[in-house]
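Asker: Below: one structure in structure tokens.
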Amino acid sequence: MAYDLYVVTDSEVGRGRSHFDQARLAVAGGADVVQLRDKQMCTADLLRTARGIRAVTSTAGALFIVNDRLDVALAAGADGVHLGQDDLPVEEARALAPPGFLIGVSVGDVVEATTAVVGGADYLALSPTFSTGTKADAGPGHGLRTLREIRSSVALPLLGIGGIGPENVAEVIAAGADGVAVVSAVVGQEDAVQAARRMKVIITAAKADLLVASGRLMPDPVQP
């Protein structure tokens, strides 16, 4: 299951595009996961939007995650839900979710990470990895040192989120992240499809560099 490029939709950052259009452009650019995040939309509209995005991601073969709202995720047939530290506890969500339903959890340190693992999380996101203006209540970035500490403590897929773009995504992968979750780096760009493609290229190259460094992949031969 790939988490390389995880794109989060956002009504304020998305350049006036609907969540549906943001999702459509993200998967066209190669996003592996799309998360619907909207804390203002009423439940009926959120569900309607979620069902539309579910259709887009199913066709593209991408995962679809709903932020916070387990009820909407289940009703829309989403692949999973993403929970913050102040949302429904992961163990409660796991008890309500069907088999195979994914539960992601935002964490800020090793204790939160290991607690989420015990509770039944499927993947973790260090939030925020770097300081970001996209999410007003995110707080200061935890940095790559914390990412490395979490990576060395848990085996679950680990994402970086917050302040990540083409200029620093390779560093996040090198620090141990399995992928990155982004908002402005894709949906905030005029050409969201090309932005997603660029991020995927950098992520793929960074992972290849790690395999070469570990000896699990031979480098391309130098051409004469």
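Asker: Yes or no: Ile173 over 16 Å from Asp4 (Cα atoms) and of a type in the set (A, V, I, L, M, F, W, C)?
Answerer: No, not satisfied.
Asker: Listed residues Val201, Val212, Val183; which is of a type in the set (A, V, I, L, M), at pLDDT below 95 and out of contact with any helix residue (DSSP H, G or I) (no Cβ under 8 Å at 6 or more places or on another chain)?
Answerer: After applying the criteria, what remains is Val212.
Asker: Among the candidates Leu158, Leu124, Leu147, which residue alone is crowded, with 16+ Cβ neighbours inside 10 Å, touching a Lys or Arg at 6+ places or on another chain (Cβ under 8 Å) and either aliphatic (A, V, I, L, M) or over 21 Å from Ala192 (Cβ atoms) (or both)?
Answerer: Among Leu158, Leu124, Leu147, only Leu158 is crowded, with 16+ Cβ neighbours inside 10 Å, touching a Lys or Arg at 6+ places or on another chain (Cβ under 8 Å) and either aliphatic (A, V, I, L, M) or over 21 Å from Ala192 (Cβ atoms) (or both).
Asker: Say whether the condition of being closer than 22 Å to Val27 by Cβ and free of Cβ contacts under 8 Å to residues at least 12 places away in the same chain is met by at least one residue in segment 49-57.
Answerer: yes
Asker: What do you reckon, is Ala75 farther than 22 Å from Pro157 by Cβ, surrounded by fewer than 22 Cβ atoms within 10 Å (Cβ to Cβ), in contact with a Leu (Cβ under 6 Å, 6 or more places away or on another chain) and not hydroxyl-bearing (Ser, Thr, Tyr)?
Answerer: yes
Asker: Filter segment 69-80 for residues that are within 15 Å of Val33 (Cα to Cα) and touching a Lys or Arg at 6+ places or on another chain (Cβ under 7 Å) and give the result.
Answerer: Hits for segment 69-80 are Gly77, Ala78.
Asker: Which residues, taken from segment 13-37, are in contact with a Lys or Arg (Cβ under 7 Å, 6 or more places away or on another chain) and either acidic (Asp, Glu) or on the phi > 0 side of the Ramachandran plot (or both)?
Answerer: Hit for segment 13-37 is Gly30, nothing else.
Asker: Shifting gears a bit: For residues that are among the small types (Gly, Ala, Ser) and either under 12 Å from Met199 (Cβ atoms) or surrounded by 20 or more Cβ atoms within 10 Å (Cβ to Cβ) (or both), scanning just segment 164-174, find the one that is nearest to the chain's Cα centre (by Cα).
Answerer: Looking at the filtered set, the residue picked out is Gly165.
Asker: Among all residue pairs at least 6 apart or on different chains, which show Cβ distances below 6 Å where the first residue, located in segment 159-179, is assigned to a loop (DSSP other than H, G, I, E, B) and the second is of a type in the set (D, E, K, R) and buried (at least 17 other Cβ atoms within 10 Å of the Cβ)?
Answerer: Pro166/Arg198; Gly176/Arg151
The values are calculated or read from the model by the stated rules, or taken from the named source; none is laboratory data. What you are looking at is a predicted structure, and each value in this text was computed from that prediction instead of being measured. Note that each Cβ is placed from the backbone with ideal geometry, even for glycine, and that neighbours are counted across all protein chains shown.
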